[in-house]
Every structure is written in structure tokens, then in C-alpha cells.
Amino acid sequence: MRKLSISLVVGFITFSVGVIAATVWLTRKTPELRLAVEPGVHCPPFATQKIDSLNIAKGEYFPKGVFYADQEMDNLVRNWYAKYLVEMKEPSLLSLQPSDGGSVYRFTWLRSFHSKVVVRVWANGGVGMLSVKELPREQDDRNSQLSVEQTKTLTADEWMAFHRLLDQACIWTLPSSQGNAIATDGAWWMFEANSAGYYQVIARQSPEASYRDLCLYMLKLSALPVDSAKGEIY
């Protein structure tokens, strides 16, 4: 009976240790795996960003008052951004319905001294996709010809890396505008997201580090020949 009791105790201890080890392993692994299917889980959207509650008109690219409280300034900025998105034949993310009930993200890079760039990322049938368009600086309103217009499939690693950076940037918690006046030159880094009925837009000239990293990674995925050594990133 004594031997039997010792065997039962040893067996119970072994089982308990195994359960604890498995629990610790799953706890450490779950957040990383969850990022691939639930981007932004650590930074949930604000209720005020719900698309059906935003002040938008049909066909508009941005909600009214999203950038500035001053109506005249806000209209100027919204129309300026929309002008380039129209020229690059980009849809409004406010009216776009992501496939599979998923998400779509867009980085718009408007530089004063170099070409304008748009990189859009979304999922199609569970596969990550990327679209890149480039508008030469020399183009005008009457002759807006894209120099690059390509679509590519992302690898699983690229898709997961993108979502990790998306999560780290906490885009849903960032203000759309920093309230600063528009500079006459430089570059604007604008990021938009349409996810599960929520919308966010962020515009910066001096982007936060994690936000900048997210945008630069989208540029890297696009494979556009952008050379920081030549001053093309600003």
C-alpha cells in the first residue's frame, strides 16, 4: 500500500508539472500567434472611429473635421490629400468593403521633391496582398500617368511582420493630426485603416518612431527603389 501511495503521489506531481509547463508555454505563445489573425489586439479602436458614426458624405475620402477643428483649414487639407489619391486611382477607404470581412491599410507618402507613393495592404482569401503605385513629381493635373502600378502576394512571414509593426504602432490610439500647420515643403506620411467597421487616418510630417517603422516596412515590401543615402526618405 505504501509503494502504491508513493507511485500515486509521484504520478500526480509529474502530471501537475506537465500542466503548469504547458500553461506557461501557451501563455507566452498566444499573443504572438494572435497577431496574425487579430491585428491591433493590444490597441482596440475607439468607439468614435466607427465608420457609420463618422461625418462623411458619399464619395468623400476623409471625415469632416478629422484633421483640424477649423472648417476652412480642414477642408483644404482633406481636398489636398484626396486630390493625389484620385490621381493615383485609389478608392476611398471609407466606402471600401474589405474582402472576407477583414481589413485594408494604406500608406500615402507625399514628398515635395520626389515622386508620390501609395502602398495598400489587405487580405484576399486569407492571403496577404500588396498594391503599390508611384506618381512622378513632374506629372500635373492634366497628365497624371503612374510610373509604377503593381500588385503582389505577400509571404506568411511578411504578413505577420507587418501586423507586428501595426500592433506596435498602436495606430488606433494616435490622433489623426498633431494640429501643426502645413509646411510648404517636406513630406507627409499618411496612414489609413479600415478594419471591422472602424476607420482611422493619421497624417504626420515628423512621424513617431513606431509609426515611421510601420510605413517604412510597407515601402520595403513594395520593393520601390527608395535610397535613404540619397536623401529620398524624409
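Hey, any hits in the stretch 167-175 for a residue that's polar (S, T, N, Q), in a loop (DSSP other than H, G, I, E, B) and at pLDDT 90 or above? It would help to see each step written out before you state the result.
So in the stretch 167-175, the residues polar (S, T, N, Q) come out as 168, 173.
Going one step further and asking which of them are in a loop (DSSP other than H, G, I, E, B), we end up with none.
No, the stretch 167-175 contains no residue that is polar (S, T, N, Q), in a loop (DSSP other than H, G, I, E, B) and at pLDDT 90 or above.
Residues that are of a type in the set (Phe, Trp, Tyr) and in a loop (DSSP other than H, G, I, E, B): does the stretch 110-126 have at least one? Spell out the reasoning first.
Pass one, the stretch 110-126, residues of a type in the set (Phe, Trp, Tyr): 113, 122.
So of that shortlist, the ones also in a loop (DSSP other than H, G, I, E, B) come out as 113.
Yes, there is a match, as at least one residue in the stretch 110-126 is of a type in the set (Phe, Trp, Tyr) and in a loop (DSSP other than H, G, I, E, B).
For the stretch 56-68, which positions are among the charged types (D, E, K, R) and either under 20 Å from the mean Cα position of the chain (by Cα) or crowded, with 16+ Cβ neighbours inside 10 Å (or both)? It would help to see each step written out before you state the result.
In the first step, residues of the stretch 56-68 are kept if they are among the charged types (D, E, K, R); the result is 58, 60, 64.
The answer is Glu60, and nothing else.
If you take the residues in the stretch 69-94 that are hydrophobic (A, V, I, L, M, F, W, C) and surrounded by fewer than 16 Cβ atoms within 10 Å (Cβ to Cβ), which one is nearest to Gly59 (Cα to Cα)?
Here is the first cut: in the stretch 69-94, the residues hydrophobic (A, V, I, L, M, F, W, C) are 69, 73, 76-77, 80, 82, 85-86, 88, 93-94.
Among the residues that remain, those that are also surrounded by fewer than 16 Cβ atoms within 10 Å (Cβ to Cβ) are: 69, 73, 76, 80, 86.
Details: Ala69: 21, Met73: 20, Leu76: 17, Trp80: 15, Val86: 11 Å.
Here the answer is Val86.
In the stretch 221-234, how many are part of a helix (DSSP H, G or I) and either under 14 Å from the mean Cα position of the chain (by Cα) or within 14 Å of Thr108 (Cα to Cα) (or both)?
First pass over the stretch 221-234, keeping only residues part of a helix (DSSP H, G or I): 221-222, 228-230.
Among the residues that remain, those that are also either under 14 Å from the mean Cα position of the chain (by Cα) or within 14 Å of Thr108 (Cα to Cα) (or both) are: 221-222.
Of the residues in the stretch 221-234, 2 are part of a helix (DSSP H, G or I) and either under 14 Å from the mean Cα position of the chain (by Cα) or within 14 Å of Thr108 (Cα to Cα) (or both).
Go through (1) among the β-branched types (Val, Ile, Thr); (2) assigned to a loop (DSSP other than H, G, I, E, B); (3) out of contact with any strand residue (DSSP E or B) (no Cβ under 9 Å at 6 or more places or on another chain) for Val86 and report which single condition fails.
Among (1) among the β-branched types (Val, Ile, Thr); (2) assigned to a loop (DSSP other than H, G, I, E, B); (3) out of contact with any strand residue (DSSP E or B) (no Cβ under 9 Å at 6 or more places or on another chain), Val86 violates only (2).
Residue-wise test of (1) modelled with pLDDT of 95 or more; (2) small (Gly, Ala, Ser); (3) in contact with a strand residue (DSSP E or B) (Cβ under 8 Å, 6 or more places away or on another chain).
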position: Ser112; (1), (2), (3): no, yes, yes
position: Val117; (1), (2), (3): yes, no, yes
position: Arg120; (1), (2), (3): yes, no, yes
position: Asn124; (1), (2), (3): no, no, no
position: Val132; (1), (2), (3): yes, no, yes
position: Asp140; (1), (2), (3): no, no, no
position: Lys152; (1), (2), (3): yes, no, yes
position: Met160; (1), (2), (3): yes, no, no
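Residue-wise test of (1) acidic (Asp, Glu); (2) in a helix (DSSP H, G or I); (3) modelled with pLDDT of 90 or more.
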{"position": "Ser7", "(1), (2), (3)": "no, yes, no"}
{"position": "Arg28", "(1), (2), (3)": "no, yes, no"}
{"position": "Pro39", "(1), (2), (3)": "no, no, no"}
{"position": "Pro45", "(1), (2), (3)": "no, no, no"}
{"position": "Phe67", "(1), (2), (3)": "no, no, yes"}
{"position": "Phe107", "(1), (2), (3)": "no, no, yes"}
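Looking at the stretch 211-225 only, could you name the residues that are surrounded by 16 or more Cβ atoms within 10 Å (Cβ to Cβ) and touching a residue at least 24 places away in the same chain (Cβ under 8 Å)? Lay out the reasoning, then the answer.
First, the residues of the stretch 211-225 that are surrounded by 16 or more Cβ atoms within 10 Å (Cβ to Cβ): 211, 214-219, 221-222, 224.
Result: Tyr211, Leu214, Cys215, Tyr217, Met218, Leu219, Leu221, Ser222, Leu224.
The values are calculated or read from the model by the stated rules, or taken from the named source; none is laboratory data. Bear in mind the structure is a predicted one, so any value in this text is a computation, not a measurement. Positions of Cβ are backbone-derived with ideal geometry, glycine not excepted, and every protein chain shown enters the neighbour counts.
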